[in-house]
Structure formats: C-alpha cells, structure tokens
Amino acid sequence: VPRAIELWSEAAELGSLEAHNRLAEFYLGDEIGVTADGVARNFSKAVRHWEEAAIRGHVESRHNLGVRECGEGNHERAVKHLLISAKMGDKSSLDVIKDMFVGGVASKDQYADALKGYQEAMEEMKSPERVEAKKRMKDMESWR
C-alpha cells in the first residue's frame, strides 16, 4: 500500500483529480481509526485532497465534501457543495439536498435550484450518440 500511496500521490501532483479522490478515500480509514492497511486515518489530508479535486471540477469529490459538511452539521456549506455537484449532473447530490429539504435543513429554493441545475445538466448531456450508447449498454446487459 505505501507504493500505491506513492503512485497516487505522484499522479495527484501531475494533476489527476481521480488520484486526489482516491487518496482522500484512503485517508478516511475505518471506524477504528486506521485504514485497512494499518495507516492512521488523517481527515485533514482527506479533506485537502477532496478540496483540490473539487476546485478543479471533480464531481465526486465535491459531493463528498458536501456530505462531510452535512454530517458535521454545517448545512449551509453542505448545500453549497452539493448544489455545485448537482448542477454538474450528480444525482446523488440532488438526492442529498432533497433529503435535507425534507429534513428541514435546506430550503425549498435551494432544492428547486438544485433540481433545475441538475435537469439543465442532464439536458446538456443529451445527444444522439449518448442515446445510442445507452441503448447498446442496455442490450449488452440483457445478454448476461
């Protein structure tokens, strides 16, 4: 694993957003305070990697920051992160904002903004090629 961390770190330094996300996940570890390989958890390193990736457009990292903020009770910051990722087409972020709205910690306007942004992102991603690819993927899955 130290070799994996070394390679992910190198990839992150070279600009890989996914490497930043993977490093963040690695540093989260588990509930006993260590990663699967015995490395101590480091929340600040995890957040730093998510922030770096999110700033440069990594949707999953932005979503993860929002979920973390929500878990810590920072609902306004959570909504800001989740709104950005929902507007980038992340359904999970939209669902979290919806749950926050139902739970009374996000406003109707915030949920409406997220829903509108998500729908616009989905509309922008539509193309005949995507429709055809989706159809082919569905066909391939039915062969299994």
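Only one residue of SER107, LEU65, MET88 has its Cα farthest out toward the positive end of the dipole of the stretch 57-144, where Lys and Arg carry +1 and Asp and Glu -1 on Cβ, and that residue is MET88. Which option, (1) 17.7, 49; (2) 14.9, 44; (3) 16.2, 50, is the value of Rg and Dmax of the Cα atoms in Å that was calculated from these coordinates? So the structure-derived entry is (1). Between ARG3 and GLU141, the distance separating the two model label sites (each 7 Å from Cα on the Cα→Cβ line) works out to 3.6 nm. Pairs of lysine residues in the chain that meet both criteria, 8 or more places apart or on different chains and Cα atoms under 18 Å apart, total 19.
Backbone geometry of the stretch 113-118 corresponds, through the Karplus equation with coefficients 6.51, -1.76 and 1.60 at θ = phi - 60°, to 3J(HN,Hα) couplings of 4, 5, 4, 4, x, 4 Hz, x marking Gly and Pro.
Just the protein heavy atoms count here, and of the accessible area of the chain at 1.4 Å, carbon and sulfur take up 54 percent.
Note that the chain presents 65 Å² accessible area per residue, ligands and nucleic acids not counted, probe 1.4 Å.
Net charge of the neighbourhood of LEU14, taken over other residues with C-beta under 15 Å away and scored Lys/Arg +1, Asp/Glu -1, is -3. With every protein chain in place and a 1.4 angstrom probe, the accessible-area ranking of ILE97, ILE84, ILE5, ILE55, largest first, reads ILE55, ILE84, ILE5, ILE97.
In the chain, Cα pairs under 8 Å separated by at least six residues give a relative contact order of 13 percent.
With all protein chains present and a 1.4 Å probe, how do TRP50, TRP143, TRP8 order by accessible area, largest first?
TRP143, TRP8, TRP50
Simple point charges give the picture: +1 on the Cβ of Lys and Arg, -1 on the Cβ of Asp and Glu, and for the chain a dipole about the Cα centre of about 320 debye.
The values are calculated or read from the model by the stated rules, or taken from the named source; none is laboratory data. Because the structure is a prediction, the values reported are computed rather than measured. Virtual Cβ from ideal backbone geometry, glycine too; neighbours counted across all protein chains shown. Accessible surface areas use protein heavy atoms only, side chains included; no ligands, DNA or RNA. Shrake-Rupley method; radii C 1.70, N 1.55, O 1.52, S 1.80 Å.
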